[in-house]
1. If you take the square roots of the eigenvalues of the alpha-carbon gyration tensor of segment 120-244 and sort them as a ≥ b ≥ c, do you get rounded (a/c under 1.5), prolate (a/b over b/c) or oblate?
2. Working from the alpha-carbon coordinates of segment 237-282, get Rg over Rh, Rh being the Kirkwood radius.
3. Over 19 Å between C-alpha atoms is what I'm after, so list which of Lys181/Lys271; Lys28/Lys56; Lys125/Lys278 land there.
4. Would you mind pulling out the separation of the Cα centroids of segment 211-264 and segment 102-164, in Å?
5. Based on the mean of other Cβ atoms within 10 Å per residue, sort peptides 414-420, 233-239, 115-121, 188-194 so the most packed one is first.
6. Grab the beta carbon distance between Gln422 and Ser84, set R0 = 45 Å, and tell me the FRET efficiency rounded to 0.05.
7. Please give the contour-minus-distance gain from Lys278 to Lys128: 0.36 nm per residue of separation, less the Cα-Cα distance, rounded to one decimal in nm.
8. Take peptides 240-249, 166-175, 45-54 and line them up by average Cβ neighbours within 10 Å, highest first, as a rough protection proxy.
Amino acid sequence: MFDNLTSRLTQTLRNLRGSGRLSEENIKETMREVRMALLEADVALPVVREFVDHVKARAVGKEVTESLTPGQALVKVVHDELISLMGEANEELNLAATPPAVVMMAGLQGAGKTTSVGKLARWLKETKKKSVMVVSADVYRPAAIQQLQTLAGEVGVEFFPSSGDQNPVDIARGAIDAARKKYIDVVLIDTAGRLHIDEEMMGEIKRLHAAVNPVETLFVVDAMTGQDAANTAKAFGDALPLTGVILTKTDGDARGGAALSVRQITGKPIKFMGVGEKSTALEPFHPDRVASRILDMGDVLSLVEEVQQKVDHKQAMKMAEKLKKGKGFDLEDFRDQLRQLQNLGGVHALMDKLPGMANVPEAARNQVNDKEFNKLEAIINSMTPKERQRPDIIKGSRKKRIATGSGTQVQDVNRLLKQFTQMQKMMKKMSKGGLSKMMRGLGGLPGMKGKLPPGMPF
C-alpha cells in the first residue's frame, strides 16, 4: 500500500532535507510536487487542496523557517498534517453496551463485507477475548450465507443460520435473541450489498438499522476504488449514522487515495484495514503509523504487535534453547520459520512496515514472491525425517526423488538447499550473540522499550 505515493513524496522531501534554509520558491516547488503526488495517488481534489494549504501555511511559519534543519522540520509538518488528515489516533470499536453489542456492516457488493465480518469476528475473539456470533441478512445471495458459515467455522465463532426466503429484519432480531440466550458478547450482522447505490437498498438497510439499533455501523469499502471509495462512503453516511469505516484490499492498492480521503470527506474514522486474504489479515487503523509508512519511516510498533500476537512463542523459545545448546538449525526448523513468516502475512507485509523500503529498487521488491513459501514447504515435506535433520546427505538421486514428490524441479531443490545454508550460517551467528547488539539498539528506539516480543531467538 502507498508504494507510488511513498516513492514520490520521499523523493520530493529528500531534496529538501539537506537544505540550509527554505525560501518561498523552494517551498512552492515542493508543494507543487506534493500536490501532484497526492493527485496521482487518487486522493480527492478538495482533500488535496486543503492538505496543501495547511502544510504551506505551517511551512512559512516560525517552526520551519527558524529551525536549525528546516528541511527536516518541513517533513515533520507533512507527517503531522497526514496524521490530522486521517484522524489523529486509532478509534476503537465502542462495545460498551448491554450484551450482546450489535455491530452492523454495510457496503456495496464485492467490497469484501462478508470476508471482513469473518476477520473482525476473529479479531474480537483473539484480541478482545469476546464471544462472537455472526449472521447474514443478505437474502439475495445464498452463497454469501454459505460463505459466512464457512468463515465462522474457520475462525471458531457462533453462526446463526438464515435463508433467502426470510425477512432481513426477522433474521437480525432472531440472531440477537439467540445471542442473548447464549450470553454472547457481540453480534456481527452482514447486510446485503448492491452493484451500485439505489433507493431500494438504502430503504432496506435503514429499516434494518432502525430495528436492531447497533452500537457500531461500519461501512466496508474497497481501497482500490480510490476517491470513489470516499464518495460511496459519503452516500452511505448521508443515509445511515455510520460510526466508522473498514478499508479492504489495501494490500493490492499501491496508491492509497482512499485512506487519505475517506476521513476528510465523510467525517467518519477508518477503524480497520484489510491487509490480505487470510482471516488474520485485519489491522486496526492507526493514522500516526500509516503516516510514518507513507513517508517511508516504517511502522515498527505494528510489526512488534503482530509478532506478539501471531508468532508461536513456545516454538520460538524451543528453537532459541536448541540454538543455545549448539544443536544446530535443520530443515524442520527452517520449515517452522517459513510458517511463522506466513503467519505474519509474508515478506511483503513485513517490508511494508520496515523503514527505508522506498530506497530498495522496485525490481528487487518485485522479486519477493510469497507464493514461493508454499513451494519450499512442499519440497521439505517430500524429504524423509533423516534428510530434514541431515541435509548434507541430500545428493543426486535423493534430489530427483524429492523434486518428483513435491512437483518441482531439481533446480528448485538446489535453490532451497542454498537458501537453507545461508539461513543456517545466520542462525549460527545469532546463537553466538551476533545480533544481540542490534536487538538492544532496536529496543532502545522511542516507544519500543520493553516491547520486543518474548521468545525471539536473539
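1. prolate
2. Ratio of gyration radius to Kirkwood radius: 1.01.
3. Listed pairs above 19 Å: Lys181/Lys271.
4. 18 Å
5. So the order, starting with the most tightly packed, is 115-121, 188-194, 233-239, 414-420.
6. 0.50
7. 52.1 nm
8. So the order, starting with the most tightly packed, is 240-249, 166-175, 45-54.
The values are calculated or read from the model by the stated rules, or taken from the named source; none is laboratory data. Keep in mind that this is a model prediction, so the values were computed, not measured. We place every Cβ from the backbone using ideal geometry, glycine too, and count neighbours over all the protein chains shown. Heavy atoms of the whole protein, side chains included, go into the accessibility calculation; ligands, DNA and RNA do not. Shrake-Rupley method; radii C 1.70, N 1.55, O 1.52, S 1.80 Å.
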